Every structure is written in C-alpha cells, then in structure tokens.
Amino acid sequence: MRPMEPEHDTERLFVAIPLPEALKDYLKNEAARVSSNYKFARWTHFQDFHITLQFLGDTPKEDIPALYQALSGVAEASRSFQLELGQWGTFGLPDTPRVLWAGVSGELSPLQELQSRVVSATLPLGFRAESRTYNPHLTVARKYRGEHAFGLTELENLRGDGDISRQELPDLGWTVDRFVVYATRMYAIPMYEMTEKFTFPAAQIG
C-alpha cells in the first residue's frame with residue numbers, strides 16, 4: 001500500500017474483475033437464503049461483488065493518470081477468458097471464519113496471468129504486491145458471529161435445500177473481457193465506485 005496522504009488528496013483504489021448483473025443477483029439471493037441461519041457481522045452489498053486483482057490502497061490523485069496508463073497497457077495485451085462461480089469457502093478458523101467467500105472455476109491460468117501482469121505494471125509506480133499467494137474469490141460476508149460453530153458442509157446443504165428450479169438458474173459462467181478500478185467510498189451503500197474501465201481489444205471491436 002502507498003504511504004498515507006491527506007484524505008482529500010487521495011483515492012483508496014483497487015483493481016478488480018466485475019461480476020455480471022445476473023450473477024450479482026444470483027449471489028445476492030444465495031446470500032439472503034443463508035443469512036438468517038449464519039450470523040456474520042457484515043454481508044457484502046450485491047453491487048459490490050467482485051474479484052480483486054490488486055489492492056492499491058490510498059493513492060495520490062496526481063498519480064492516478066500514470067496508473068491508468070499502465071493498466072491500459074495490460075488490457076491491450078490481454079485476451080478474454082471464461083470463469084464460472086464455484087463453491088463457497090472461508091478464510092480464518094473453520095469454526096469462526098473471518099470471511100465467507102464464493103470461489104471461481106474455469107480458465108484460472110489466464111486469470112492468474114492477468115493478476116500477475118497487473119501487479120508487474122503497477123510495481124514501477126510504487127505499488128506493492130501482496131506476499132500471500134493469490135486466491136481469487138468474491139467476498140460474501142465478514143466476521144462470523146454465530147452462537148454455534150460454523151459448518152461449511154451444513155451451509156452447502158442449506159443452500160441446496162432452498163435451490164430454485166434448474167430452469168430458473170442463470171448460467172453461472174461468464175466471459176471476462178475487462179477489468180476495472182474501484183474507489184472505496186466508506187459508509188456509502190454500495191461502497192465501491194468504478195472510476196475507470198479497461199476493456200480487452202476483442203471486446204472493443206465487438
């Protein structure tokens with residue numbers, strides 16, 4: 001993360017892959033289905049669902065044009081790939097997880113390569129890569145507060161019991177043909193505002 005600057009001179013930014021609207025709605029409904037049985041301190045607003053590529057942190061506004069230029073180069077060298085919503089998982093202690101997330105499956109190698117290129121492009125600008133291994137996911141909820149131990153198996157069973165008919169399910173896959181930069185707006189609902197979009201060349205033509 002960049003060094004702190006006066007609040008009005010910075011934007012708290014991150015680079016991410018947005019989720020299509022149909023899948024935001026699907027994940028919102030899934031979260032609503034289980035939220036009465038699993039108490040978390042905070043559930044993600046459905047418009048804030050995304051796959052983070054890199055957290056940039058508090059970024060001086062004067063540095064943002066150079067950042068956008070570097071990310072444009074990444075987009076120009078990228079090609080579209082396919083992802084699909086996967087199984088849910090957790091970070092933290094199994095009985096009291098700090099994060100509940102939805103995973104992704106599909107063409108994960110191009111996703112890993114895109115994430116690596118984003119990090120490499122921003123490194124000369126002073127942004128730092130995280131030391132932990134990249135684990136793509138969509139955060140659904142934070143800080144488990146239930147009275148009983150959390151159980152991921154029981155969660156999946158609960159989701160299955162409430163499933164709508166297969167005919168009504170959306171296609172859980174989508175084509176990734178862009179990434180975006182989001183700014184965090186603390187205390188706003190939704191919290192994340194897109195500040196720039198970077199579309200891959202084939203998608204621009206189409």
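Data for the structure
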| read-out | value |
| --- | --- |
| Index of the failed condition, Gln204 passing every other in (1) part of a loop (DSSP other than H, G, I, E, B); (2) modelled with pLDDT under 90 | (1) |
| Residues of the stretch 84-115 satisfying the condition of being touching a Phe, Trp or Tyr at 6+ places or on another chain (Cβ under 6 Å), closer than 27 Å to Thr195 by Cβ and either of a type in the set (S, T, N, Q) or assigned to a strand (DSSP E or B) (or both) | Val99, Ala102, Gln115 |
| Test result for Val15, buried (at least 20 other Cβ atoms within 10 Å of the Cβ), part of a strand (DSSP E or B), touching a residue at least 24 places away in the same chain (Cβ under 8 Å) and touching a Ser or Thr at 6+ places or on another chain (Cβ under 8 Å) | yes |
| Any hit, the stretch 27-41, residues being under 19 Å from Thr195 (Cβ atoms), within 19 Å of the chain's Cα centre (by Cα) and not small (Gly, Ala, Ser) | no |
| Looking only at the stretch 122-155, and only at residues there that are hydrophobic (A, V, I, L, M, F, W, C) and touching a strand residue (DSSP E or B) at 6+ places or on another chain (Cβ under 8 Å), the one that is modelled with the lowest pLDDT | Leu155 |
| Residue list for the stretch 156-187, restricted to those being within 27 Å of Asp63 (Cα to Cα) and either at pLDDT below 95 or of a type outside the set (A, V, I, L, M) (or both) | Asp177, Arg178, Phe179, Tyr182, Thr184, Arg185, Met186, Tyr187 |
| Selection within the stretch 96-135 - in contact with a His (Cβ under 6 Å, 6 or more places away or on another chain) and of a type in the set (Phe, Trp, Tyr) | Trp101 |
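The values are calculated or read from the model by the stated rules, or taken from the named source; none is laboratory data. All values derive from a computational prediction rather than experimental measurement. All Cβ positions, glycine included, derive from the backbone under ideal geometry; neighbour counts span all protein chains shown.
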